[in-house]
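Values in this text are rule-based calculations from the coordinates and carry no lab data. Owing to the predicted nature of the structure, the values given are computational and were not obtained by experimental measurement. So basically every Cβ, Gly included, is an ideal-geometry build from the backbone, and we count neighbours across all protein chains shown.
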């Protein structure tokens, strides 16, 4: 039952060119970089079995503790690879040049990674959290048999959408109605379960959608996106792990912009939209309005699964088609900070 | 409709958390003179958030823990001493036995609101005087023995090491699953008296359970 958009998401991949860090090179000459195609919905530690053979002859003796960096920034291994790429490369770099380390794990910055087990635990934990947000409880994930959980994880690890599609119904995740098919499916009983809170009259009111928002803020406008400077540390990114409360109003469409603005209230209102127009009928308020507009920030760019999103797209479509296998929607946003 | 003033279903709204946090910090200061006060860290300083209501978390830092020998099970709470300042000697603490490494262990505690689960979550970390972080194995030796045995039963679902939601650093976290169930149990006494638990008491009740895991006891007076 997987639709085309979901297929594209699962097939999405980032070409990586992985260089061994020079302090880990114990051979002469130093080894050439490894070229790996990394699934967008996957995680960097899962690539290690493909990468290690390239470098094993060059490594100094001792135990491995593997981690990656991009331009000196240690990469958080529990963030899907595609999200890291969308967030850290303002201008997409192909292939994406990363450095791999086999020693000197920065444990004051990165939580430890004990290989596939850690990645799997992180995935299951995120899945539980997402289910709690959508269904109001995580009992379906908790009650899933060990082997079903294993198979679900394996399907994600292998990028096997068919296997995943057969297993995910066992999670009984309530669905978010697609804005377009809303009227047609309004009468069907299953569309009203779980995800939405009903008021006394039985009208669908609010839904909660799992979202992870990664915000990069810049202070000035740039002519070209490639001129946006890279981050030096993760403190340059604001991370928000909080659900979007999806308020359904008759006759109104809840857009991606509405969703982002609900998480970042100080970016409400697009300066570009209002600045050129005759916004102020009341001239007395012009100065005040100017000041207010200057205070508003501006959403410059929103990327999901590598796509630069038009903000007016219905949020329900975005969620249903672009979320990751753990039912989280990861959004990388570039904003221009409000001027104060 | 929940006005945010009462605890429903054992969970909190974000506004309720702010109210409960202030009430908790005030009661702590009044009844728990032997420990430093909790401070409120607004999120405005750390992220781009500029919400109508002030969002933030509670912070209690630089708590000096001196662990006792395993045989001494009389008092399950930690021997907590306050560190007045870096220059002065700590005031009025009893060193029963130095911990095995013969060094001081310091702990930071943060009570952070989880928007996903709508409950508070306890994050903590330990470090020595040089600032080096303590591993879970070392921390376990500082914890009361009952929570250590719970830890041993399930590696992944009790105390876990995760990234702090706002500080980009590894912290230890007390898993929130199940919180609303035991808060509901705790609030049964209010319900049988004919009223819901007021939100101001949420964190006090919550911490009366959670604090024990990390060895921080709260005086009974705080529960009034």
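Structural remarks
- Where the Cα pairs of the range A:87-145 fall when distances are cut into 10 Å bins, in %: 17, 28, 32, 21, 2
- Peptide-level mean, for A:254-262, of C-beta atoms on other protein chains within 10 Å: 0
- Within 10 Å of each Cβ in B:128-137, the average number of Cβ atoms from other chains: 1
- By the count of other C-beta atoms within 10 Å, a proxy for reagent exposure, A:76, A:71, B:184 are ordered fewest to most as A:71, B:184, A:76.
- Size of the range A:1-149 as Cα extents on the principal axes (Å, biggest first): 56, 33, 27
- Ranking of B:217, B:169, A:216 by count of other Cβ atoms within 10 Å, fewest first: B:169, B:217, A:216
- Per-q log10 I(q)/I(0), the range A:60-122, q = 0.14, 0.16, 0.17 Å⁻¹ (Debye; single scatterer per alpha-carbon; no solvent): -0.45, -0.58, -0.65
- Estimated inter-spin distance, residue A:235 and residue A:145, nm [label 7 Å along Cα→Cβ]: 5.1
- Fewest-first ordering of B:129, A:155 by other beta carbons within 10 Å of each residue's beta carbon gives B:129, A:155.
- Average Cα contact separation per residue, the range A:92-171, under 8 Å, 6 or more apart, as relative contact order %: 20
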